[in-house]
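The values are calculated or read from the model by the stated rules, or taken from the named source; none is laboratory data. Just so you know, these numbers come straight off a predicted model, no measurement behind them. Cβ coordinates were reconstructed from backbone atoms using ideal geometry, including for glycine residues, and neighbour counts include every protein chain displayed. Surface accessibility is based on the protein's heavy atoms, side chains included, excluding ligands, DNA and RNA. Shrake-Rupley method; radii C 1.70, N 1.55, O 1.52, S 1.80 Å.
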Amino acid sequence: MALQLGPGVVPLQPFPARLAISGEMAERIEEIQIDFAMTGMDMGINRYRLVRDGSVWNAPVVLPICTVGRSDWIASVAARTADTIYQADFKFRTER
C-alpha cells in the first residue's frame, strides 16, 4: 500500500487522498476506508470511503482544525477483501 495525501494538506480545505495497491491483493480488495485521528486527542469521526479508479483508490478529504494547534495526524487505512482486512497506519502533518 502506498498512500499519497495532497498536495495542500491544510485543515478545513479539501485535498485528495490516493491509495495505490499492487500485487495479487489489489484485485481482491472490495472496500477501503481511511480514518484520520490524533494520538490522545478526540477529533471526532473523520472517516472516508475511497473509490476505486483502476489500481488506485481516491477520496476528497477535509480535516478539522485542532483547537490547541496540533498538526500531527495518523491516517489509518483498512482494506477489506471477502475474508481479510488489511490495515496500515501512516503518520503525517498538516500544513499551516
Among the residues of region 34-58, the number that are of a type in the set (Val, Ile, Thr) and under 15 Å from residue 77 (Cβ atoms) is 3
Reported set for region 65-87 where residues are in contact (Cβ under 8 Å) with a residue 12 or more places away in the chain and outside any loop (DSSP other than H, G, I, E, B) is 72, 73, 74, 75, 76, 77, 78, 79, 80, 86
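Would you confirm, using the coordinates I've provided, whether residue 90 is open to solvent by less than 30 Å² (accessible area, probe 1.4 Å), touching a residue at least 12 places away in the same chain (Cβ under 8 Å) and among the aromatic types (Phe, Trp, Tyr)?
When the stated conditions are applied, residue 90 does not pass them.
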Complete set of residues in region 65-77 that are under 22 Å from residue 51 (Cβ atoms) and open to solvent by less than 30 Å² (accessible area, probe 1.4 Å): 73, 75, 77
Take the residues in region 49-64 that are assigned to a loop (DSSP other than H, G, I, E, B) and at pLDDT 95 or above, then tell me which one is most open to solvent (accessible area, probe 1.4 Å). 62
Could you tell me which residue of region 11-28 is least open to solvent (accessible area, probe 1.4 Å), considering only residues that are assigned to a loop (DSSP other than H, G, I, E, B) and modelled with pLDDT of 95 or more? 11
